[in-house]
Structure formats: structure tokens, C-alpha cells
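See below for the structure under consideration.
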Amino acid sequence: MLPFKLVCAPSFYLPIGQSVFPVSKYRLMCGHLLEQGIAGPEDFLEPAPASDEDVLLVHTPEYVRKLRTGTLSESEEWQLEAPYSRELVEAYWLCAGGTILAGDCALRDGVSFNLSGGFHHAFPDHGEGFNLINDVAVAIRRLQQDGRIKTAMTVDCDVHHGNGTAAIFGIQSAAPSRRPERLPYLRESPARDVFTISLHQENNYPAWKPPSAIDVGLPDGMGDDEYLAWLEKALTSGFERFQPDLICYLAGSDPYREDLLGGLALTIEGLKRRDEFVFRAAGARGIPVLAVPAGGYAADVRDTVTIHCNTILAGFRHS
Ligand SMILES: [Zn+2]
């Protein structure tokens with residue numbers, strides 16, 4: 001039995017049509033955890049969908065209305081890169097409910113995972129790159145509204161920049177920062193109650209990267225040791241500036257060298273070290289961690305599943 005809860009809806013399925021996105025990974029992760037004896041059925045909690053009120057803590061009434069009534073424009077659906085359906089909306093509301101529940105569990109147990117979360121490309125008023133609504137942002141705002149936390153830090157290690165999350169929590173009046181000319185770079189911007197960190201491959205989607213509180217732009221092909229050194233720099237700098245009540249860790253598996261949508265060169269072992277580092281840094285400061293898998297598109301989906309399950313094992317070792 002695990003010392004924390006895994007949030008997982010057995011029926012969770014993202015109906016996003018023909019796509020490189022491995023929608024089977026959620027089912028495979030649950031199966032792998034049970035088959036390997038990492039978790040038992042008693043370790044899983046089934047979430048309820050988020051309410052519209054929860055989603056409206058982050059997303060605009062106009063966008064939520066369009067999603068609820070199926071009235072996205074053609075260009076909005078094109079930008080989403082997934083065909084609209086009522087089932088798609090229900091799946092994302094369920095995912096956001098799961099991340100809220102996992103946040104609640106993390107504050108109680110020190111660590112928790114929502115096995116289907118991490119949709120960081122969703123903005124307040126639109127979705128991008130398969131991401132309809134931003135489950136992590138919804139969970140943070142709901143936990144703040146309930147008085148459970150005042151502050152949070154997102155540590156986004158998906159290979160793609162957390163553009164939606166940065167836009168949601170960024171300071172709008174901040175002058176748009178120009179991209180530094182040399183890679184790698186670490187760029188700092190102002191933050192309020194939610195401190196966003198994004199460690200990403202610079203020359204990758206999304207083209208427009210609104211400023212996070214800390215952005216680390218990495219060059220193509222970076223490997224384990226250099227990546228981990230930049231992660232350490234980012235977290236050290238983040239904790240010097242900010243003391244969060246909760247860390248939301250987006251443990252994307254797409255910095256993996258065999259990933260079809262990523263251009264970094266981390267190994268499975270390097271990604272394990274990354275997870276260990278984040279949990280150790282949080283544990284040393286007594287900060288609970290809500291973790292979500294975010295992206296992962298390895299040529300062999302079993303690698304994606306292994307990397308995500310390793311994140312859960314790293315949480316186990318540090319809980
Ligand atoms: Zn990604």
C-alpha cells in the first residue's frame with residue numbers, strides 16, 4: 001500500500017481523434033502500477049468532475065459557454081488541434097476534478113498524483129495543443145479559494161513551454177520579454193501568488209512563450225547532466241524568491257531522447273534523477289507535491305509509461 005493516493009478515473013479516455021497523443025497511456029499506467037505491485041486497488045481514488053464554478057476560477061465565462069454549448073469557432077477548434085465533442089469536454093472536466101482531488105490529498109499526505117493531469121497549454125480564453133482547460137491552474141485556484149493554500153509553485157518539466165500556465169498566473173502589465181539570444185538561458189520575471197517555473201526546449205512548440213516567473217530555455221539535444229544542473233539552478237533561484245504552500249510538478253516524459261515531439265536527449269535514468277531532485281528539494285523544505293504526468297510521446301508507449309511510473313516511485317521514496 002502506498003503512503004499517498006493516486007487519483008485515476010478507470011474510464012478516463014481523451015477522445016482527440018487521430019493524433020500522436022498516446023491516449024492509451026492512462027490505462028497502461030494504471031495496469032503497470034497494479035501488475036508490478038507498485039500500487040494496489042486501495043491506493044486509487046476516483047475523482048468527480050470539476051464544477052463549472054471551479055473551471056470559471058481560471059477560464060473566461062465566454063470560453064466556458066462555448067465549450068458547454070459546442071460553439072467554438074473553426075479557428076478555435078483548429079488551434080485546439082482536437083475535434084470538439086461533448087465527451088471531450090466531459091473528459092477534461094473530469095481531469096480537472098482529479099487534479100483538485102489530488103491537490104487535496106497532497107496537502108494531507110505530502111504527495112499525490114493525478115494520473116491524467118498536466119494540460120499546461122490551455123489559456124483562460126482558449127485551448128491549444130490538445131489542451132482544453134488547465135487542470136493544474138483550476139486546482140490551484142480552487143485550493144486557494146477554499147483557504148487550503150495561499151501560494152503555489154508550478155515546476156513544469158515538460159519539454160514544451162507551459163505557455164497557458166504562464167499566461168494565467170503571469171503579470172499582464174509586465175513588458176513582453178525578448179528571447180535571450182544565447183541558449184541555454186534562465187530568465188526571471190515578476191510573480192504574485194503563484195510562481196511558475198518552466199524548463200523547456202526553446203526551439204519547440206509553442207512559438208509564443210509568455211513569461212513564467214522563471215523560464216529556462218534549453219538548446220536541442222541537451223542530455224542528463226546539463227539538464228539537471230539547469231533544473232537545480234532554476235529551483236534554487238525559485239526558492240530564494242518564493243516560499244510556496246504547494247508545489248505542482250508537471251513531470252512530462254517528453255524530454256526523453258526517444259520522444260517524437262521532443263528534441264532533448266534525456267535518458268530514462270536521467271528523468272528518474274530529475275524526479276528525485278524535485279521531490280528531494282520539496283521534501284527538504286517540507287512542501288507538499290501534487291504531481292501530474294503532462295506530456296509524453298515516446299516512439300514506444302511503454303517507455304512513456306515507465307517514465308511516468310518512475311515519477312510515482314520517486315514520490316514514494318520521498319514521502
Ligand atoms: Zn509536452
- Task: Quick one: net charge around residue 84, please, counting Lys, Arg +1 and Asp, Glu -1 for every other residue with C-beta under 13 Å from its C-beta.
- Result: -3
- Message: Run the numbers for residue 203 and residue 228: contour at 0.36 nm per residue of separation, minus the present Cα-Cα distance, in nm.
- Response: 7.1 nm
- Message: I'd like the distance separating the alpha-carbon centroids of segment 27-81 and segment 133-163, in whole Å.
- Response: 14
- Give the shape of segment 169-254 as rounded, prolate or oblate, defined through the alpha-carbon gyration tensor: a ≥ b ≥ c are the square roots of its eigenvalues, a/c under 1.5 means rounded, and otherwise the shape is prolate if a/b is larger than b/c and oblate if not. oblate
- Message: Taking a ≥ b ≥ c as the square roots of the Cα gyration tensor eigenvalues, with a/c under 1.5 meaning rounded and otherwise prolate when a/b beats b/c, else oblate, which class fits the chain?
- Response: rounded
- Query: Within a Cβ distance under 12 Å of residue 7, other residues only, what is the Lys/Arg minus Asp/Glu net charge?
  - Reply: -4
- Message: Using a 7 Å offset from the Cα along the Cα-to-Cβ direction at both residue 179 and residue 277, what is the distance between the two label points in nm, to one decimal?
- Response: 2.3
- Could you name the aspartates and glutamates in cross-link range of residue 150, using Cα to Cα under 12 Å and dropping any fewer than eight places away on the same chain? 193, 245
- Query: Of 147, 38, 234, whose Cα points farthest to the positive end of the dipole of the chain (charges on the beta-carbon: +1 Lys, Arg; -1 Asp, Glu; origin at the Cα centre)?
  - Reply: 147
- How much length is gained if the chain between residue 65 and residue 269 is pulled fully straight, taking 0.36 nm per residue apart and subtracting their Cα-Cα distance, in nm to one decimal? 69.0 nm
- Query: Rounded if a/c is under 1.5, else prolate if a/b is larger than b/c, else oblate: which is segment 209-319, with a ≥ b ≥ c the root eigenvalues of its Cα gyration tensor?
  - Reply: oblate
- Item | Total formal charge among the other residues, if their Cβ is under 13 angstrom from that of residue 58, Lys/Arg +1 and Asp/Glu -1 | -3
- Query: What list do you get for 308, 160, 120 if you sort them by fewest beta carbons within 10 Å?
  - Reply: 160, 308, 120
- Query: If we count other beta carbons within 10 Å of each Cβ, what is the order of 1, 222, 153, fewest first?
  - Reply: 1, 222, 153
- Message: Run lengths n ≥ 4 of DSSP H only: what is the helix-derived mean residue ellipticity at 222 nm for the chain, with -39500 (n - 2.57) per run over all residues, to the nearest 500?
- Response: -12500 deg cm²/dmol
- The long-range amide H neighbours of residue 123, using H built 1.01 Å from N in the peptide plane and a cut-off of under 5 Å, are 128
- Message: Under a crude label model (7 Å from the Cα following the beta-carbon direction), how far is residue 79 from residue 237 in nanometres?
- Response: 2.9
- Query: Which of the pairs 5/66; 66/272; 5/272 have their Cα atoms more than 31 Å apart in this structure?
  - Reply: 5/66; 66/272
- Item | Assigned charges on the beta-carbon of Lys, Arg, Asp, Glu; the chain dipole about Cα centre (debye) | 640
- Query: Tell me, how many Å apart are the Cα centres for segment 187-218 and for segment 262-290?
  - Reply: 18
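Every number here is computed from the coordinates shown, using simple stated rules; none is lab data. Since the model is a prediction, treat every value here as computed from it, not as a measurement. We place every Cβ from the backbone using ideal geometry, glycine too, and count neighbours over all the protein chains shown.
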